[in-house]
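The structure under discussion appears below in the form of structure tokens.
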Amino acid sequence: MAVEESKNIPENIPIEIDDIQCEEDNFQDKVSSIIYPDIRRKKKSISYYRPYASPTNRIVMKCGKYNIIKENIPEKTSRYFRDLGNTILSIRWRWILISICLANGIAYLIFTFIWMAMVLWEESYMDLKTEGPCINGTGSFAGYLILVVDTMTTIGTGSITPTDCQNGWIMMTLLALTSVAIEGALVSAVFVKMSRPNTKDCIRQFSKKAVICIRDGDYCVIFRVKDLNGKYWARTSIKAVLIRRKNLKEGDSLPYYFENLKLENTGLLIWPQEVVHRIDKNSPFWKMSKLDMSVLRSVYRFEVMIILEGDSLTTGHPSQSQTSYTNKEILWGHRFSPCVEYDELEQKYIVNKKMFNETVKYEIPECSARELYLAARNESAIARSEDR
């Protein structure tokens, strides 16, 4: 039987490396359990989902980040400094915190050395008996550093106090202005970055898989979206973009062609909603069958990018999250399990988060939507002829 089934498989079908690796791992596990039955197998470490990792050559990662590297950019460094605001907001948290520490530390050291140089100049060229020193209570590096830190952080100078000399009040003014500039630039960047949606939240907004099933007699591509924190409830907008190779009439081909998918209107995101793309004659999935999507996925490789936009009801700030689904992540003949039910005792609707990504098998034909449409039309034509 195995030999007969292998004859029906078309030749020159590309096989994914990940599938081969999974089969080899399963085979090795079975062999080791047979040869060494008394030896307990070590428990595999739990592999947590890494949002920045991507096993395939996808354009948009599951966390929403673009898998793109820009090279040969003219004046790349100068452009970062010209748009310093976006540069600070786009870097990671560790670099923002390091920048705050470095900016304050460098400012402390610079003004400390300026105070020391000014005191040495006074001792050399001024008569301290008549005019008096600019700083009272210290004469060491640590004392000048404490004075600078106390002034820039507005703690208070304590026993180390500047006098009313001209150089003293000029230095105090420069210290205050520098402190306001550093705190206003970097600390405000921290608050703005904290108000932005978290990367993990972006991952949890969408279901891990998308499904293809029949709804109201038509093939539909369905995925789930949720927003339990109310970040996208106001002016919610959901877009889907198909990224695929397109062959032109002139014989050329576009390796990455972006095409918008038509989505049905969704309700409020008060609980998880199913977003539906109906496969009709105008859909790019019209001629795609299960074989094209699963077995021949390297030939008919595509990627569906999902973009969720909306405003928060709490802060009013706009938010945007995005993810993508590849051939592997679109299940043919599945549908989502219900995750919302009504509790008669509590008289409230209950949202089961564990069922958000759960799917069940749903028997549908393996042919394309076009083939199903032609078959149904032929059957209707035959039925009409028989009635006549």
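Tell me the residue from ARG245, ARG224 that is loosely packed, with under 15 Cβ neighbours inside 10 Å, touching a Phe, Trp or Tyr at 6+ places or on another chain (Cβ under 9 Å) and under 25 Å from ASP292 (Cα atoms), please. Among ARG245, ARG224, only ARG245 is loosely packed, with under 15 Cβ neighbours inside 10 Å, touching a Phe, Trp or Tyr at 6+ places or on another chain (Cβ under 9 Å) and under 25 Å from ASP292 (Cα atoms).
State whether one or more residues within segment 184-193 are in contact with a strand residue (DSSP E or B) (Cβ under 8 Å, 6 or more places away or on another chain) and modelled with pLDDT under 80. No - not one qualifying residue is present in segment 184-193.
If the condition is being hydrophobic (A, V, I, L, M, F, W, C) and either more than 41 Å from the chain's Cα centre (by Cα) or more than 20 Å from PHE285 (Cα to Cα) (or both), then segment 345-373 contributes LEU345, ILE350, VAL351, MET355, PHE356, VAL360. Scanning segment 220-247 for residues that are more than 10 Å from VAL276 (Cα to Cα), part of a strand (DSSP E or B) and touching a Lys or Arg at 6+ places or on another chain (Cβ under 8 Å) yields ARG244, ARG245. Just one of the listed residues (PRO37, PRO51, PRO14, PRO55) is at pLDDT below 75, touching an Asp or Glu at 6+ places or on another chain (Cβ under 7 Å) and not assigned by TED's automatic domain parsing to the domain that holds GLY168, namely PRO55.
Against the condition modelled with pLDDT under 80 and surrounded by 19 or more Cβ atoms within 10 Å (Cβ to Cβ), how does CYS202 come out, does it pass?
Yes; evaluated as a whole, the condition is true for this residue.
There is no residue in segment 257-274 that is farther than 16 Å from PHE223 by Cβ and of a type in the set (Lys, Arg). Only one entry in VAL180, VAL225 is of a type in the set (Val, Ile, Thr) and in contact (Cβ under 8 Å) with a residue 12 or more places away in the chain, namely VAL225. Please work out which residue is nearest to TYR108 (Cα to Cα), limiting yourself to segment 147-179 and to residues that are of a type in the set (Val, Ile, Thr) and in a loop (DSSP other than H, G, I, E, B). Among residues in segment 147-179 that are of a type in the set (Val, Ile, Thr) and in a loop (DSSP other than H, G, I, E, B), the one nearest to TYR108 (Cα to Cα) is THR153. For segment 255-271, a residue qualifies if it is at pLDDT 85 or above and either in contact with an Asp or Glu (Cβ under 8 Å, 6 or more places away or on another chain) or hydrophobic (A, V, I, L, M, F, W, C) (or both), and the qualifying residues are PHE258, LEU261, LEU263, LEU269, ILE270, TRP271.
Hey, could you check segment 319-344 for residues that are surrounded by 15 or more Cβ atoms within 10 Å (Cβ to Cβ) and among the charged types (D, E, K, R) and say which is nearest to the chain's Cα centre (by Cα)? I'd like the intermediate steps shown before the answer.
In the first step, residues of segment 319-344 are kept if they are surrounded by 15 or more Cβ atoms within 10 Å (Cβ to Cβ); the result is 319-336, 339.
Checking the rest, the ones that are also among the charged types (D, E, K, R) come to 328-329, 335.
Working: LYS328: 19, GLU329: 17, ARG335: 25 Å.
It comes out as GLU329.
Does LYS209 count as out of contact with any Pro (no Cβ under 6 Å at 6 or more places or on another chain), modelled with pLDDT of 90 or more and of a type in the set (D, E, K, R)? Before the answer, list the steps.
Values: out of contact with any Pro (no Cβ under 6 Å at 6 or more places or on another chain): yes; modelled with pLDDT of 90 or more: yes; of a type in the set (D, E, K, R): yes.
Yes: the conditions hold for LYS209.
Highlighted here are the strands (runs of 3 or more DSSP E) found entirely within segment 280-388 that include at least 1 residues which are in contact with a Lys or Arg (Cβ under 9 Å, 6 or more places away or on another chain), over 28 Å from CYS63 (Cα atoms) and at pLDDT 90 or above: 340-343.
The values are calculated or read from the model by the stated rules, or taken from the named source; none is laboratory data. Predicted, not measured: the structure shown is a model, and the values here were computed from it. Counting neighbours? That spans all protein chains shown, and the Cβs are built from the backbone with ideal geometry, glycine included.
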